[in-house]
1. In segment 37-110, what trypsin sites (Lys or Arg not before Pro) fall in a loop by DSSP, with at most 16 other Cβ atoms inside 10 Å?
2. If you stretched the chain out fully between Lys54 and Gln92, how much longer would it get, using 0.36 nm times the residue separation minus the C-alpha to C-alpha distance?
3. Using a 7 Å offset from Cα along Cα-Cβ at Ala29, what residues in segment 61-82 end up with backbone N under 14 Å from the label point?
4. What nm distance separates the two modelled labels at Ala14 and Ala101, each placed 7 Å from Cα along Cα→Cβ?
Amino acid sequence: MSASSQPTGQSHQALPVELSTAHLQVQYANLCRGMMGAEEIVLDFGFNPNSAGKVTDEPAQLTSRIILTVPSAVRLYQLLHALLAKRQEVVQQAQASAAEAKPESTDPPA
């Protein structure tokens, strides 16, 4: 059934996908750049040894390229948004807990 012929109010549910990690490759990246084509989004990931300032003459190295369809890129955006919002919530809770645990100064003001 096409999107235009679906009854109003009917939600489209994703089917569960079985995942295998047998061929999973893990890489660290502190560098990302993106490009956009007519039908796809291209993301390059890599490592920049000088991300915190010049420490070496070694150039940044791109190590992975991921090409996504636009719908897949939208799902990635939604996932990253949710993960970053959750991380921000955890950081704020930790900061609030640290502030509550800090003893108040009993020294008189100078």
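Every number in this text was worked out from the coordinates using simple rules, so none of it is lab data. These numbers come from a predicted model, not from an experiment. Cβ atoms come from the backbone with ideal geometry, glycine included; neighbour counts cover every protein chain shown.
1. Lys54
2. 10.5 nm
3. Taking a point 7 Å out along Cα→Cβ of Ala29, the residues of segment 61-82 whose backbone N falls under 14 Å are 61-69, 73, 76-77, 80.
4. Each label point lies 7 Å from its Cα, and together they span 3.6 nm.
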